Structure formats: C-alpha cells, structure tokens
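Asker: Dropping the structure in here first, questions after.
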Amino acid sequence: MCLSIPGKLIAITSQLDETFRVGKVSFDGIIKEVSLTLVPEANIGDYVLVHVGAAISTIDEDEAKKTFDLLKQLGELNELEDNK
Amino acid sequence: MCLSIPGKLIAITSQLDETFRVGKVSFDGIIKEVSLTLVPEANIGDYVLVHVGAAISTIDEDEAKKTFDLLKQLGELNELEDNK
Amino acid sequence: MKYLSEYRNLEETKKVLDEIHKITTREWNIMEICGGQTHSLVKNGILELLPEKVRMIHGPGCPVCVTPLNLIDKAIELLEQGVIVCSFGDMIRVPGSKKSLLETKALGGDLRILYSPIEAISIAKKNPDKEVVFFAVGFETTAPANALSVLHAEKEGITNYSILASHVLVPPAMEAILDDKFCTINAFLGAGHVCAIMGTKEYYPLVSKYKIPIVVTGFEPLDLVQGIYIAVKQLEEGKYELANQYSRIVKEEGNIAAIDVINKIFEIGNREWRGIGEIPNSGYVIKEAYRKYDAEEKFNISTIKVPENPNCIAGEILRGIKKPNQCDQFGKTCKPSNPLGAPMVSSEGACAAYYHFSTNLID
Amino acid sequence: MKYLSEYRNLEETKKVLDEIHKITTREWNIMEICGGQTHSLVKNGILELLPEKVRMIHGPGCPVCVTPLNLIDKAIELLEQGVIVCSFGDMIRVPGSKKSLLETKALGGDLRILYSPIEAISIAKKNPDKEVVFFAVGFETTAPANALSVLHAEKEGITNYSILASHVLVPPAMEAILDDKFCTINAFLGAGHVCAIMGTKEYYPLVSKYKIPIVVTGFEPLDLVQGIYIAVKQLEEGKYELANQYSRIVKEEGNIAAIDVINKIFEIGNREWRGIGEIPNSGYVIKEAYRKYDAEEKFNISTIKVPENPNCIAGEILRGIKKPNQCDQFGKTCKPSNPLGAPMVSSEGACAAYYHFSTNLID
Amino acid sequence: MDIENIGFETINLGHGSGGELTRNLLDKIIFKTFSNPYLDQKHDGSIVKIEGEVAISTDSFVITPIFFKGGNIGELAVHGTVNDVAMCGAIPKYLSLAFIIEEGLKVSEFIEIVQSIKKAADESGVLIITGDTKVVERGKGDKIFINTTGFGQVHPKANISVHNIKEGDKIIVNGFIAQHGMAIMSEREGLEFESTIESDSTNLNFLVNDLLDVFGDKIKLFRDPTRGGIGTVLHEIANDINKGVFLKEAIIPLEKQVAAACEMLGLDPMYVANEGVFLVVVDPSVENEVLNVMRNHKKGKNAAIIGEITNEHPNKVVMESLIGGKRIVSPLVGEQLPRIC
Amino acid sequence: MDIENIGFETINLGHGSGGELTRNLLDKIIFKTFSNPYLDQKHDGSIVKIEGEVAISTDSFVITPIFFKGGNIGELAVHGTVNDVAMCGAIPKYLSLAFIIEEGLKVSEFIEIVQSIKKAADESGVLIITGDTKVVERGKGDKIFINTTGFGQVHPKANISVHNIKEGDKIIVNGFIAQHGMAIMSEREGLEFESTIESDSTNLNFLVNDLLDVFGDKIKLFRDPTRGGIGTVLHEIANDINKGVFLKEAIIPLEKQVAAACEMLGLDPMYVANEGVFLVVVDPSVENEVLNVMRNHKKGKNAAIIGEITNEHPNKVVMESLIGGKRIVSPLVGEQLPRIC
Ligand code: SF4
Ligand code: SF4
Ligand SMILES: [Mg+2]
Ligand SMILES: [Mg+2]
Ligand SMILES: [Mg+2]
Ligand SMILES: [Mg+2]
Ligand SMILES: [Mg+2]
Ligand SMILES: [Mg+2]
Ligand SMILES: [Mg+2]
Ligand SMILES: [Mg+2]
Ligand SMILES: [Mg+2]
Ligand SMILES: [Mg+2]
C-alpha cells in the first residue's frame, strides 16, 4: 500500500497561507504539482517522498547513505559484541 | 406550408375529457397517434386531414367526389350562362 | 392513398390543363400564397405545362422563410444555454445571423426534431430538470396544434415547457402584397390548409376591396390546375369572386374548435416577416394569461438585430416581385448547401424549390 | 531515479541475501504487513532468493483489499444516483456485492480515476451543479492527503464535495493478528510509509507486550532484504527490538504536520476490515465538526450487508494464516479477470501478487 | 451460444484493453463464431491468395437503433460491403471486421449481432478473415459501430465502367426503393410511427454475378444507392458521364406504406437510403432480358426499367412526374429532414 | 490546404448524409489530398492488382486526445495498420480509410489529421485507395475514429510462422518500450503530468523489409506489442508455441522519464502500449547480425536482445529481475489502472 516515490522539489508554485503550499516535484524529468502542506520544512532542491499528490516526508541524505553501510554497522556491532 | 395528409381514423385511444381526445390514424397502413381535439365530430372510419400531429379537418366525401366534376359544373354553368 | 392519389391523375389533370390552354387569351399573373403549393407546382412540373401567358407568382407562404432572423438567433441562444429546443425539421437548417440550429446542435446543443408540438410535452415530462422550448412557427394551420401543446402543459401542470412563437397570418400578408406599388398580381390561389382552420369568410373583404379573384385551392396537381383554371376563367370573364376549389376540406366557417383553441392562447398582434418587414396585425402573440408559456417572456433573451445579407432579394421574391432565377446569387453563391437567404433553405422556399426541381435550370 | 535505483542494486542486495543465508539456523515466519512490500517481494523474485527457513507471511496491508464490501456498494449506489465518484485506480475493479465501480461506470456512472484526492476539489469546482464524492480509502499514509482535500474544500467554501471514508490503522491490525490463536509469526516488517506519517513510537508497546521484533522497512529490494536481515538477526540472537531500516524517510516522531492534519478531520473509531471483521479502534472516522463532508452522513445511503463468497479464504490470507496458493479457488475459479475476493483484485493483494508474478505458478 | 458461459453480461473498457479480457471476448464469441483457417491464426492480419484483379471496398456502419425492423447493424455491415464489392463487378470473398463498442453494451446484444454477421456472411459466401475490437467509454460511442472491408475477385466477364455508358442505355432498378431509410425513420425519437415497413438489407452479389455471367459487357454499371438514395446516385452518374438521365416517376417501384410514410413526413423517396437496392445501366439491346433475369431472381422480383441515358440535359437528372410534367432531380444536400410545416 | 475555401468550419451530420455536403467534404479534403488513380475513380470500391499472397489487416483507432505529444490519430491509423501488415512479413501497399466523425469536429482539425495521414502514408510507401466517411451525432462518438485496413504483398523470402520457433531462438526488441502509452497517460484527466515523453508512433515496414531481405527464414516471427504491451504479446507467443519465454528486466530498453512515470502511477511498463516497437524472434545463429542491422537503422537504434525461447516453463514468460530474482509475466487482464494507494 501507499505507493510513494522520491522526487526533487524544483519550484514553489503557490503559497495560499502559512500552511497551504503547492510546489513542483521532478521525478527524473516527470513533473507533477504536489501539495507541500505536510512538509513545511522542505526547500527547493530537497528530495521529498510523494504519495497521492502530497509530499509526506523529506528525504534525509545522510541516513540514505547509511543504508549502504548496514552490514558493516551490524557487523561491527557483532564484532564488538563478539569481542566482549 | 402546412403539410397535411389524409388518413383514416381507426381507433380512439384516449379521451382525457370532453375536449382532449387522441386516436390512431392510418395512412395506407402507416399508423400515427394524433390529437383529435380539433375534430370533435370525427368518428372511427372517417377520413381526417392531419397536420403536425393534430387532425384539423374531417374530409367531406361528397365534396371530394364533386372535385372530379368541376369542369362539367363550370362548363354547365357556362352553358347556362351562354344560354341566357 | 385515398384522397391523395386520385388527385395526381394524369388524365384528369390533363383535361383541366387543356381547358386552361383553351380559355387563356391574355397574360395573367396568379400568386399562390402557399409554399406548399409552390413546392407542388415545381415538383410536378406544372409550371411548364401551363400556357405561357399564365404566370405563377410565388408568395410568402413559407413559415420557415418568413420567421425573423432575430427569432432564430433567440432559439439558438436558448439551445446554447442548455435548453432542450424542439423544432420542426425544416426550421433547423435556416441560417441565423451566425449559425443555424443544426450547427448549434453540432456544437453540443440538445435539439430535438419533432413531428408534432404535442410530443414536446413528453420530452418536458421526461426531462423535469431541464427547460424545454418548442420553436412554434407556422401560419394559421399550425397555430392550433402549437396552442394545444400549451393547453396540454397547463392541464398536466408542466412548468418546464414554453414556446418560442412566431405565427403569421395570411390575409394581412395578401393585403400588404396588394398594396405594394409594384404589385402585378391578377389573382390569388388561397392556401387550402390555412382555410381548413380559418374558413373562407376572411377573404370577402379582400376580394371586394381589391377586385381580385381568390380561389381557395388544395395541394395536389389536380387541385392546383383546377384552382388555376377557376382563377383564369374568372379573369378571362372579368369576374372577381371568392371560389373554393378545396371544398372537401374547407368550409366557409372554418374549424370552429380549432379557432377556439387558437383564441384561448393567442391574440392578434404585429409581426415581423423575414424579408418583408413588420406588417401590422399580421400574427399571433401569446395572451397575457399564458405568458408563463412564452419562452421570450420566460428567458428574456435579447439578441441584437442583424441585417440580412444585402445581396439576397428574398423580400422581392416573397412579395412575388421577382422569381428566384432573377436573383443574381441564385445557384451561384446561393445554394441549398450555402443559402444566403431563407427561401433557399426551406424546401418550400421558392428559391429552393426552383433549385431542386425546376427544369429551367437545364437551359 | 535517485533514492530508488540504488536500492535495486544486484550486488548490494546479494551481499545482504548471502548474509541472511549465513545467519539463518532455524525456521522463522516473518510478516510484511504492507501489500506494497508483498508486491515488491514477489515482483522482484525475492521470496525464492531467501533461505527456505525464512518464510514471509503476507499481511493485511492492502487498503483496497480490506475496504468493506458494504462501503463499495455505497460508492456504487452514489455513482448510480448521479454523483460524480472519484477514486484511486486500484479501487474501481474491486467487486461489490453485485458489481464493481468500473462496471457501474460502464452502465453510465460518472466515475473519475484520480492520482490525488486534492484533484477532486477541482472537479467539484468544475461541476457546481453536481455532487462530487471522493472514495477515501487508505491506511495512515493516505489519511493526510484525504484530510487535506476536506480542508481545501472548507477553505474554498465548496459545498458539493464530500468523502466516503474508510481509513484503517496498522497497529490494531497487528495486535489482532498476534492475538489470533493460530498465529505463528515471529517478526514483523513494519510498513515504511505508514511510519513516515506516524513514526515508530507506536510500536514500542507491541514489541514489549508480544516480545516480537518489529523492523520498519522500505519498499525497494535492498530495503526489504535489509529489513529481513535485521529481523532474522534479532530472532537468531533471541532479541526483540524495534528497528528502523528506513531511516532516510522514517523519524521516530513521524510527520507532525501530517498528524495534525489527520487530527483536524478524523478521530479514532471502530472499523470493519473486509475478510477480517470489525477491529476496535482500528480506523479513522470523520469528526463531528466535519460531518458535512462525510458522504455517508450527507447521502444517508443504506445498503444491505451481503455475505462474502463462502469459498474465499481472504480472512485467513489477510491474517497470514494461509498463503494464496493454499486456497482451493486460487488460479482456478478465482483469477484477476474474475476475482472471488478482494486480494485477487488489487495488484497489491497477496492473491493477485502471487497470480501475476510468482514463479510458484510454474510448478 | 450460451451466454451463461461467457462470464460477463456487459462489455466494458477492459474488453478493449488488449489483455486477457479482450482475448476472452474474442475466443468465446468471435473466434468461436467465425472459425476458419485464416481467422484461426488469431494474428493481427491474415494471408490469403487472390488471383487476378481485386476489388476492395470499406464502410463503417453507424446506425440508431442497432436493431431495427428487418435487420440489425451486423447483417447491414456484411450486406453493405458485400454489395459495394459486387457493384465493382467483383465476386466478394473475404471481409475484415472491426468493432467499436461503447462500454455497457449487453453481451447478449453483441452475440446477436455477431450471429447475424455470421449468417449474412455465410449467405453471401464470404469469410471473415481478420478483425479488431475496440471499446470506448460510455458516452463516446453509440452502442456499436462496425467497419467491414471487403475483397473480391473481379468477375472474368465484367467490364464495368462509366465510360462504356452510351445514350439510350437503360437504367434498371431491382426493386422497391426507400425501405431501409423509412424502417429506420419509423423508430426515430419524435418521428416514430407504426408500420410493417422493414429494412431491405440484403446481399446482392449473387444476382450481380448472374447478370455478369449472362450479359458480360452489356452491363455498363452497377451502383447501390445507399445513403443519399437513388436521386443522389443517379445525379452522380449523370455528372460522371457528362450525359443526362431521364426517369419516369410512375415506374419507380415504391411500396404503398413507404410512399405514405414519405408523404406524412414530407420526405422524397428519391433521397431515402436503401440497403438492398441496386441500379444497373445496360445496353438497350438486352434491357428486357436483363429485366427478365432480375424478375426471376428473388432479389429482383420487383425490378423495373426506370429510365435511360440521354444526351439531352447533360449532368442533369430529369424526371417526368405522374401528371406528365418534368422536374430535375438534384442531389441531396445534407441529411433529409422531415418537412412538416 | 486553404480552410477559407472549404466553406464550413465544423463538420455536421449533413456531411455524412451521402449528399452534396458529403461530396463537398470528400472533394475538398479527401480526394484533393490523396489523389491517385485508384481513389480518383470516386467509387465505393477500388480495383487493384496484387501478385501472389496478400496480407490483410484491419484496425480501428480510438484515442483520447486525438492530438497528443509526438503525433495524432491520423498518423497512428496509418502506422498501426502498416505495421500490422509488416508483422505478417509483407510489404504494405494499399490502405482503405474510414472515418467516423462526431459532429462538431473542427474542419481545421480534420484537415490536420488528413494531412498527417497523407504524410504517414507517403513515408510508409502506401496508397489510400478507398474510403468512407460517416458523421454521428454529438455525444455519440469521440471527435473522430479511424479505421484503416491494409493490404500488402508477402515478402518473397518471408517464412513467418510461430511453428518455426525453436528453443534457443532469441527475442529482440527494436527500441524503448512504453512510450506511446505514457505519452497518452500524461494528458489524461486526473492523472496528467509534465514530461517530454512522446508517442513512438512510426512505421516499421522498411526495417522489417530490410531484415527479411537479409535474414529470410532465420526470422521466425514479428509482433508489434501495441495494446497490452510487450508483456501480453510475449505471453501470447509463449502460449501459441507451447514453450517458455525467458527475459531479463535489466536489458529491456526503458527510457528514464517513462520509467519514472510508471513508478509514479504504479504501472508496469511491460503492459503499456507501444506504437513504434516490434519484437522479432530470430534464429540464434544470426542474433548479433540482426541486432547490428537494427541498430544501424533509424527505427532500431536502441534495439536489444531481451530474451530467448526456452523449453522450461512452457506457456509462461519468466523475467529475471534487476536483483536476480524471477517473476512470471502474466498477461494483462483489463485496462491497466494507476495503482496509487
Ligand atoms: S436565391 Fe438566395 S440570395 Fe437570391 S433571393 Fe433566393 S435566398 Fe436570397
Ligand atoms: S485466491 Fe481468490 S478465493 Fe482464494 S483467498 Fe484469494 S481472493 Fe479469495
Ligand atoms: Mg490489425
Ligand atoms: Mg433482414
Ligand atoms: Mg456502402
Ligand atoms: Mg487490432
Ligand atoms: Mg455503395
Ligand atoms: Mg464502401
Ligand atoms: Mg510522430
Ligand atoms: Mg494493430
Ligand atoms: Mg499488431
Ligand atoms: Mg461508404
């Protein structure tokens, strides 16, 4: 459920008030207008996760990188534990 | 203007009140529901002249026959006049 | 068909035609008022069977042709506004100032072609959330049926129905034609179906005022040649009388029930005739008590009056001053596929009748 | 695509898979709650790359599958009554008790497939003389967008818009599954996108109450194998912890702005899950203050409750008790072209995912 | 065909998606009904052998109502194209068949149409060799539209060409005119009437074949006056050959009810559509023999010699009226509308 | 073409009446555009000569919008049928052309479509030899539907048949998939998005012809995966030959934006429609040469060998995923719907 995909926020197209905000998000060149109301913190250039026309999260680049180190992290943790 | 054709009244299909009356008229087998409100005198079997869905006249058989005698009538009339 | 086929009989018609040839000694201009008669004369090739001296002049009796441009624009406006507009088939191709009802339908309007105005009532019943307007054109013949539709609506308490009415009357038009200083008409064939409703009595004053023969005539070939024969006979004999060739249908007093129905809904008023202009007391307008069935009242549509195509001589055609083939545009820029004026649209219009049927075109 | 393609990397995935094989010593049943994860597992062929001892159990996390029959019938009823019904694409082929929304459209209903509930507002604006209803199904992930559509309607003063809402919540469902006496589940993959909204904190009570590992996991192959790896590792080590594989998206506290929007419109209430039955406090219902946007309130549609097809074991499928290919009907009388139950309709439904993608079918 | 087994009651968009539902619809209805070696390949095209010259003709059929007195859109779609191929002097052999279905069409109606197509194709001696099925959204079609494209082998004795037409050639019609159009009109909303008028939809290829067998190049032209009626087609002939056509109204076969319906609505039967009528232009040396062959064939029982080619009034059709006057028969302009007031 | 001279701005019912307005429309637009000796006969059919075996294929084209990125319904109607004929191993020569127009269509749009047809036909080397034009009432059509039926001569070296397919034969695709369907989707109400995706609509007959010239019977099959996409067509092939098809997801040519649009809407590109894509099954002895010829032709620059025929898993298509797992590719059921929640 909850098909959501990451895209880059490339423009803010309207800001009705402090909460209602709309912007354009590019998914590898596919551009869609999405509601930004749920991601008040998102700025142009940020990657957001979009679900049914609303950005529901900004993507944390550092955490994203960490994903690839998972084995190492867990491995190290194990080694540490093993070493105890 | 006023395209009207003669047909035979073959049925009275509804009689809303003393004035509003509807019946079926056959034009050589083509049957159409028409208003009979304008021909209160028309009975089943009579020929009526129908215009835009309303019978507007009953056809006088005797007068219809006389049409074919026109020349004779006018001729006779002339002869009479000539004889004067 | 009984009462139809027998009046298309070759021998009977020929007998009368021969008689006309026999008695004609001078040139006579006879106007058939009614477009239906024009249609029949041309379609059956009668014009060329008449003596050259007997010239038929085609009158304004085509309701489609004389319905004002302005009113067509109003019907189009209603159609564009989402009203279900019901109409007789011949009305829908007539060009308004910008387009026709048919073209408006092509752009999305809900236009219904009906055989009878009374069927518009069923449509109003089937579409209670829509307004339904019947485009009620016609002469005296059609007025009772159009009036009946209003009486039906009243009886059934239908409130989403109204008529856009344009009813014109024959006798005032005849008078207007006779008053024209270029008028050359020697006799009239009276419109048989108008007289089926109105009777013949209306014509006595015209006959005596203008000293002109009026022969109430039917629509089939035998009827028409008889009507012409009677007219020529009177003319040759120097008479001017009211005659009734169509006695199988037409009574002196007309159809009392039908006249009653007309008088319930309509009263006499001024009317504009397309190509002719306004003629005083020449039409029916809806009575005060039935105004809620008057689409013009109900919707208050105001369209701008637009001038007719200046090259179209429809006015002269309709008043019998010129024949269609005397119009410069006829068959060239003006054709049924691209009519410049109403008489080229309705198949009863004199221009269209000539275009479609007249062998004159061959020459 | 950034943040997508790199998680479909063959080598990275293989490394993790190898590690899973290495550490697995016992049989483990791991349930992925989310239908999107089921879809991804099957479509990418991950199930057969796992050790035989690691068995994935497919959970009820397909909103389309668990939307009650009765509510689908209501949406159909609205469509039949002339309401413009807007829906996500996957909902429209789900069979109601007599037919689907798609079939109702084929019979003349005005059904619109939308990418976003917010677009329903434009449709309501464009059709002011029609009622527009959005069929708002979904888990916690979708609730904020559906709520936003109501807030937009309120802000713009739109009165012809309402939602037919069926929002279900993940934690109560997990609890219901764990409470089942046949439950054999050793660990959960938590639904990453639900947690993007709700955070991870809801799961602490479950982890400690049931002593079960819960790994919040993403949707791409690398995410999934990592989630599975973390779960197996905890199981093998005898641990039960809450872990977050999907930290690039999911924060412990969730999305505060989104939770605010949900809480404006919705409050927690009982909900019926198709195939499972009513679960207390397992869904959102529209708050009193926003009842005028509640289609059930606005239209007072009462449909009769109809029993499900008795041969369909969707309940057992959705609770992870059986696999689709253990259903007698699977692939025989029940196919995507003629689904007996909801899990065969939605492409996220476990039965449909198996039918479309699983190479098990070859055997 | 057993509707129970079809598994669906109405056709929806999925049946036009090209996927399993489409294959289902085709297998259970189309391939089952028309099975033949060409179609059974189930490909997007078929390969056939035709020797010599090939006549090709295409028509789309759009008609309301789709079921009418005397037929339905299915048989019409076969007859129309079979006849167009025959009018080229060819022997129809193969048809392609393409449906555009509006979603919501009842499967039972579709099956009835398909079975009528089968029957008409069998009766006409043609095979359906390839086809296509599309489904459009509700409100974007009109129940069903059918396109058929036909292929036939030109008859070895045929020498059909307007250029062979000479002054004095006779124009023969095979039977009553205006029946199809008036059958449809009788069911048209706002104009409907009761009658026993039926569409004349039928295949004319065997009669055409017989005429070519016997009279060869004495046959100058065949034309089937469908839309536009005989008036429009005769006008086209006059124009194509730059000669006149002279007709006699009294001789044109017109059934009593059809005549009455035309009177009632103010329509001219010369412009009303036909689906089982053809005109043949023949050398005057064989006019009576042709009339004889036609009258002895069940598709030509009411044949009549209605006119002739003349050098007078080139490009015009002139008709002598019942009372001996003359009119021209101009081509129809747009749709013929009921003329009432 | 000078619209001023056409004399009308929208097409209405009269233009389908078969009368003067119809003739007007045909003369001023159709006959003027396509003039050739066959069509100039202006009859309901044409007579042509084709030697040997004839491939025949028909398709109706129904598409919203009628003008889309990268093309319009007119060129689509030519390419679609030209390609279907080519897929039979034949050289397309003639097309019939039948329009069903909804009244109200702008004449300017109709002319644009007709001119696209002309251009596409010229580029494909086919002649429009016969046609038909119908007009339906507003709300009973969808602007314009087009049926084309194509005829081609079977290539002398062609020996196309599923029965020639053997284990180990390779499946080659000529280029990027799913472009047409996603170009259309980008303009669909409620789902629209901005992109530079264009329909791939194009004619494939010359490339097909080149392949047959060079490789003759080493070419076992051509198929163009239009509706239903390559997934559905490959499944049909597997079923027809009772063998398996094995694919590698990583090799299937998929343009970045198309991939992203599919992700966004939850659609599988395997089932998205194509209009300029074809699959060819070839003997493994020539796989690289075929690939070479294709890559050197402008219609095959992105060609790839995406899979092969196998005796494993008969009737099934199995695809290796990016991460080395396996899935089956089942046929599309109904229309593919956006999957969102
Ligand atoms: S021919 Fe045309 S332009 Fe001339 S009077 Fe008649 S309608 Fe007018
Ligand atoms: S295969 Fe069909 S019948 Fe069986 S559980 Fe799944 S949906 Fe129900
Ligand atoms: Mg095809
Ligand atoms: Mg029949
Ligand atoms: Mg035809
Ligand atoms: Mg096809
Ligand atoms: Mg024909
Ligand atoms: Mg044809
Ligand atoms: Mg292009
Ligand atoms: Mg095709
Ligand atoms: Mg194809
Ligand atoms: Mg045709």
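Every number in this text was worked out from the coordinates using simple rules, so none of it is lab data. On a predicted model such as this, the values are computed, not experimentally measured, just so you know. Cβ coordinates were reconstructed from backbone atoms using ideal geometry, including for glycine residues, and neighbour counts include every protein chain displayed.
Asker: Net charge within 11 Å of F:Thr64 by Cβ-Cβ distance, Lys/Arg positive one each and Asp/Glu negative one each, not counting F:Thr64 itself?
Answerer: Taking every Cβ under 11 Å from that of F:Thr64, the sum is -1.
Asker: Compute the orientation-averaged projected area for the stretch B:5-74 from the convex hull of its Cα atoms and round it to one decimal in nm². Display every interim value, and only then the final one.
Answerer: Values: hull surface 20.7 nm².
Mean orientational projected area (the stretch B:5-74, Cα hull): 5.2 nm².
Asker: Calculate, axis by axis, the spread of Cα positions in the stretch E:257-341 along the three principal axes, and write the results as whole Å, longest axis first.
Answerer: Largest first, the stretch E:257-341 extends 46, 34, 26 Å along its Cα principal axes.
Asker: Can you spot the lysines whose alpha carbon is less than 26 Å from D:Lys298's alpha carbon? Ignore those fewer than 8 places along the same chain.
Answerer: Within the straight-line limit of under 26 Å, D:Lys298 reaches these lysines: C:Lys130, D:Lys74, D:Lys98, D:Lys99, D:Lys105, D:Lys125, D:Lys126, D:Lys130, D:Lys155, D:Lys264, D:Lys287.
Asker: Please list 3J(HN,Hα) in residue order for the stretch C:144-153, calculated via the Karplus relation 6.51 cos²θ - 1.76 cosθ + 1.60 where θ = phi - 60°; whole Hz, with x for glycine and proline.
Answerer: x, 5, 4, 5, 4, 4, 5, 5, 4, 4
Asker: For the stretch C:75-146, state the average projected area of the convex hull of the C-alpha atoms over all orientations, rounded to one decimal in nm².
Answerer: Numbers: hull surface 19.1 nm².
The directionally averaged projection comes out at 4.8 nm².
Asker: Roughly speaking, what is the centre-to-centre gap between the stretch F:1-67 and the stretch C:129-176 when only Cα atoms are used, to the nearest Å?
Answerer: 43
Asker: Given the Cα-Cα distance of C:Ser5 and C:Ile268 and 0.36 nm per residue of separation, how much length would full extension add, in nm?
Answerer: On the way: separation 263, 0.36 × 263 = 94.68 nm, distance 3.72 nm.
Separation in residues times 0.36 nm, less the Cα-Cα distance, equals 91.0 nm.
Asker: Report the dimensions of the protein assembly as shown along its three principal axes from the alpha-carbon atoms, largest first, rounded to Å.
Answerer: Extents along the principal axes: 153, 76, 54 Å.
Asker: If you build the convex hull over the alpha carbons only and average its shadow over all orientations, what do you get for the stretch F:162-329? Give it in nm² to one decimal.
Answerer: Working: hull surface 37.6 nm².
So the mean shadow area of the Cα hull is 9.4 nm².
Asker: Rounded to the nearest 20 debye, what is the charge dipole size of the stretch C:127-218 about its Cα centre when +1 sits on each Lys and Arg Cβ and -1 on each Asp and Glu Cβ? Present the calculation step by step, with values, prior to reporting the outcome.
Answerer: Details: 6 positive and 9 negative charges, 76 e Å.
Magnitude of the dipole: close to 360 debye.
Asker: Quick check of the Kirkwood formula: for chain E, what is the inverse mean of 1/r over all pairs of different Cα atoms, in Å?
Answerer: 21.1
Asker: C:Lys105: net charge of surrounding residues, Cβ under 13 Å, Lys/Arg +1, Asp/Glu -1, itself excluded?
Answerer: With Lys, Arg at +1 and Asp, Glu at -1, the neighbours total -2.
Asker: Return the equivalent ellipsoid semi-axes of the stretch C:156-290 as a descending list in whole Å, where each equals the square root of 5 times an eigenvalue of the C-alpha gyration tensor. Working shown, then result.
Answerer: Details: eigenvalues 182, 69, 30 Å².
Each semi-axis is √(5λ); the values are 30, 19, 12 Å.
Asker: I'd like the distance between the alpha-carbon centres of the stretch C:243-268 and the stretch C:273-294, rounded to an integer number of Å.
Answerer: Computed from Cα coordinates, the inter-centre distance equals 19 Å.
Asker: Another question, if that's okay. What is the set of long-range amide H partners of F:Ile306 at a cut-off below 5 Å, with H atoms built 1.01 Å from backbone N?
Answerer: Result for F:Ile306 returns F:Ile171, F:Ile172, F:Val173.
Asker: Now for a separate question. What does the stretch C:1-137 give for Rg and for Dmax, in Å, if only its C-alpha atoms count?
Answerer: 20.8, 65
Asker: Hey, which lysines would be in cross-link range of C:Lys181, C-alpha to C-alpha under 19 Å, not counting anything within fewer than 8 residues on its own chain?
Answerer: Cross-link targets: C:Lys209, C:Lys211, C:Lys322, C:Lys323.
Asker: Can you compute 3J(HN,Hα) from phi for each residue in the stretch F:70-82, using the Karplus curve 6.51 cos²θ - 1.76 cosθ + 1.60 with θ = phi - 60°, rounded to whole Hz and x for Gly and Pro?
Answerer: Using θ = phi - 60°, the values come out as x, x, 8, 4, x, 5, 4, 5, 7, 4, x, 7, 4 Hz.
Asker: For E:Leu221, list long-range residues whose amide hydrogen, built 1.01 Å from N in the peptide plane, is under 5 Å from its own amide hydrogen.
Answerer: HN-HN under 5 Å from E:Leu221: E:Val281.
Asker: GNM, chain A, Cα, under 10 Å: largest mean-square fluctuation among A:Asp69, A:Asp28, A:Asp60?
Answerer: A:Asp69
Asker: Give me the one-decimal Kirkwood hydrodynamic radius in Å for chain D, with the sum taken over alpha-carbon pairs. If you can, show how the numbers build up before the last one.
Answerer: On the way: mean 1/r = 0.0476 Å⁻¹.
Value: 21.0 Å, from the Cα pair sum.
Asker: Also, quick follow-up: Got the relative contact order for the stretch E:204-341 handy, in percent, Cα pairs under 8 Å and 6 or more residues apart?
Answerer: Numbers: 216 pairs, mean separation 55.8, N = 138.
So the answer I get is 40 percent.
Asker: What's log10 of I(q)/I(0) for the stretch E:9-154 at q = 0.08, 0.14, 0.17, 0.20 Å⁻¹, Debye sum over Cα points only, no solvent?
Answerer: Evaluating at q = 0.08, 0.14, 0.17, 0.20 Å⁻¹ gives log10 I(q)/I(0) of -0.20, -0.63, -0.92, -1.24.
Asker: Then there's this: Need one number: % antiparallel among DSSP beta bridges in the protein assembly as shown, to the nearest 5. Before the final figure, lay out the partial values.
Answerer: Numbers: 156 of 246 bridges.
The antiparallel proportion sits near 65 percent.
Asker: Counting only pairs 8 or more places apart or on different chains, how many lysine pairs in the stretch A:5-74 have C-alpha atoms closer than 18 Å?
Answerer: On the way: A:Lys8/A:Lys24; A:Lys8/A:Lys32; A:Lys8/A:Lys65; A:Lys24/A:Lys32.
Lysine pairs satisfying the spacing and distance rule in the stretch A:5-74 number 4.
Asker: Looking at chain C as a GNM with Cα springs under 10 Å, which of C:Lys53, C:Lys22, C:Lys74 has the largest mean-square fluctuation?
Answerer: The residue with the greatest mean-square fluctuation here is C:Lys22.
Asker: Between D:Ser87, D:Ser97, D:Ser166, which gets the highest mean-square fluctuation from a Gaussian network model of chain D, Cα cutoff 10 Å?
Answerer: D:Ser97
Asker: Count charges around F:Phe193 for me, please; just the other residues with Cβ under 13 Å from its Cβ, Lys/Arg as +1, Asp/Glu as -1. List each step's numbers first, then the result.
Answerer: Values: positive: A:Lys24, A:Lys32, F:Lys69, F:Arg188; negative: A:Asp28, A:Glu33, D:Glu119, F:Glu187, F:Glu189, F:Glu192, F:Glu194, F:Glu263.
Within the 13 Å Cβ shell, the charges total -4.
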